[in-house]
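One structure below.
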Amino acid sequence: MIELNHLDAGAEWALTADAADPLGSFRNEFHIPQQEGRDIAYFCGNSLGLQPRAVRQAVIDELDYWAELAVEGHFRGRLPWMDYHEFVRDDLASIVGAKPIEVVAMNSLSVNLHLLMVSFYQPTAERPAILIEKSAFPSDRYAVEAQVRFHGYDPADALIELEPDQADGTLSDAAILDAIGQHGSRVALVLLPGVQYLTGQALDLPAITQAAHARGCMVGFDLAHAVGNIDLNLHDAGCDFAVWCSYKYLNSGPGAVGGAFVHERHAHTTRPRFAGWWGHEKATRFAMGPEFKPTPGADGWQLSNPPILALAPLRISLEVFKRAGFAALRDKSRALTGYLEWLIGQRLADVLDVVTPKEPSRRGCQLSLRVKGPRDSGRSLFEHLQGDGIVVDWREPDVIRAAPTPLYSRFVDCRRLVESVAQWHSSRK
Ligand SMILES: *Cc1c(COP(=O)(O)O)cnc(C)c1O
């Protein structure tokens, strides 16, 4: 693997590191957008992953089955549509560290969050609250408020918000555990991210779960920025449920089919849920009886027959992850992000602050960067990078996120980003 002991800021080092990268060839499996005849440097895999080349044919195959087989496509073809969501299950389980019965590909993140809160947020007068972070992603915030109101409670009372306690806007582990300890007896559900979208901070999921369960709370995680990015061991972490989307690090295309985890201990739960026919026990689904009998495990939360054209890219993408091997990807990810951080320290210490925690165990591949100086400088830098063929993203109020994802990013791309920032900085003097 790539050695980070003998770093140097020259172009030669980056080229040599890329040449030595055992995963280097995976880049060829992706479409890299072009700008002025040159590959762009793509740091936005945290927002929309690039397209695996094999996706196009996989979607065309399903269109062909539809054209040729019509309704028979449910039972024939290489991958009959009837069972299609099952063809991604094992790979999905592997990438989140779950048992196959604990995961399902369905819907989208916010929808799954609602569906699982229906089951795992059961407020009572003594225990009405949801504990979330103050800077939660807006959709999560809207969803929990809506659930609180739906049950007849007031968010002013029943939402407990965790404020970042660190100067850089991150949360210390102690602050999270303290809040659970302090408010736990009133909390029905703790809902936190795996990786915080703005700061890139990875939370300690097992520790949070343990603390929350000790206080009698349910625990759910939003893994939008964690899945396909960091090591997840959801089964062992023991959380009650988790939800994610697949268009970010999982490279499954805009609006891709999301996913959900429900811990095995709830596989046969009698908790309330919003039911649909695809969640019904498979063996008797087509008996078309009036009584809902859920299929055990995460599959039991499905409502509808899945969108095959949208599941095909997820199947292909998970297959790419499997071939690369997640452990190897994570090694490369640590090296790339470590190198980018080191280069920023060497070349841009007076230009950028890195918001994301330094410890590799407390982050994934994303670095959140804040330009020193007024907010306008941040926007100006963001626009300069765009013009220079470097795609990062801007998050209000003042953060630039750069995620060198390991499947298709290179060390030379990280260096190109840093050199471009340095050029912008010197042009403003
Ligand atoms: C990206 C993201 C979402 C997006 O939700 P969708 O339902 O997929 O549109 C939700 N929550 C978080 C934390 C995210 O990062």
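The values are calculated or read from the model by the stated rules, or taken from the named source; none is laboratory data. Please read all numbers here as calculations on a predicted model, not as lab measurements. Virtual Cβ from ideal backbone geometry, glycine too; neighbours counted across all protein chains shown.
If we scan the range 256-270, do we find a residue that is surrounded by 15 or more Cβ atoms within 10 Å (Cβ to Cβ), polar (S, T, N, Q) and in contact with a strand residue (DSSP E or B) (Cβ under 7 Å, 6 or more places away or on another chain)?
no
Could you check, for the range 137-147, whether at least one of its residues is under 22 Å from the mean Cα position of the chain (by Cα), under 27 Å from Gln302 (Cα atoms) and assigned to a loop (DSSP other than H, G, I, E, B)?
yes
May I ask you to verify whether His151 is away from the ligand (no atom under 15 Å from the Cβ) and either in contact with a Gly (Cβ under 8 Å, 6 or more places away or on another chain) or not assigned by TED's automatic domain parsing to the domain that holds Asn112 (or both)?
Against the criterion (away from the ligand (no atom under 15 Å from the Cβ) and either in contact with a Gly (Cβ under 8 Å, 6 or more places away or on another chain) or not assigned by TED's automatic domain parsing to the domain that holds Asn112 (or both)), His151 does not qualify.
Please specify each residue of the range 273-316 satisfying the condition of being free of Cβ contacts under 8 Å to residues at least 60 places away in the same chain, assigned to a loop (DSSP other than H, G, I, E, B) and crowded, with 19+ Cβ neighbours inside 10 Å.
If the condition is that a residue be free of Cβ contacts under 8 Å to residues at least 60 places away in the same chain, assigned to a loop (DSSP other than H, G, I, E, B) and crowded, with 19+ Cβ neighbours inside 10 Å, then Thr295 is the only one that fits.
Which numbered condition in (1) closer than 21 Å to Thr199 by Cα; (2) touching a residue at least 40 places away in the same chain (Cβ under 8 Å); (3) within 16 Å of the ligand (Cβ to nearest atom); (4) not aromatic (Phe, Trp, Tyr) is the only one that Met106 fails?
(1)
Could you list, in sequence order, all residues of the range 117-136 that are small (Gly, Ala, Ser), buried (at least 18 other Cβ atoms within 10 Å of the Cβ) and either part of a strand (DSSP E or B) or free of Cβ contacts under 8 Å to residues at least 40 places away in the same chain (or both)?
Listed by number, the list holds a single entry, Ala129.
Test Met82 against the criterion of being outside the structural domain of Thr356 (by TED's automatic domain parsing) and in contact with a Pro (Cβ under 7 Å, 6 or more places away or on another chain), and give yes or no.
no
Please enumerate the residues belonging to the range 32-87 that are among the aliphatic types (A, V, I, L, M) and within 13 Å of Arg315 (Cα to Cα).
Across the range 32-87, the qualifying residues are Ala54, Val55, Ala58, Val59, Leu79.
Does the range 112-121 contain at least one residue that is under 26 Å from Glu319 (Cα atoms), touching a Gly at 6+ places or on another chain (Cβ under 6 Å) and within 16 Å of the ligand (Cβ to nearest atom)?
There is at least one residue in the range 112-121 that is under 26 Å from Glu319 (Cα atoms), touching a Gly at 6+ places or on another chain (Cβ under 6 Å) and within 16 Å of the ligand (Cβ to nearest atom).
Being within 15 Å of the ligand (Cβ to nearest atom) and basic (Lys, Arg) narrows it down to one residue among Lys282, Lys248, Lys322, Lys293; which is it?
Exactly one residue qualifies, and that residue is Lys248.
Can you tell me which of (1) assigned to a helix (DSSP H, G or I); (2) modelled with pLDDT under 95 is the one Val55 doesn't meet?
Every condition holds for Val55 apart from (2).
Exactly one condition in (1) in the same structural domain as His225 (by TED's automatic domain parsing); (2) within 16 Å of the ligand (Cβ to nearest atom) is not met by Leu48; state its number.
The one condition Leu48 does not meet is (1).
Scanning for something assigned to a helix (DSSP H, G or I), farther than 19 Å from Arg334 by Cβ and free of Cβ contacts under 8 Å to residues at least 40 places away in the same chain, does the range 28-35 turn up at least one residue?
yes
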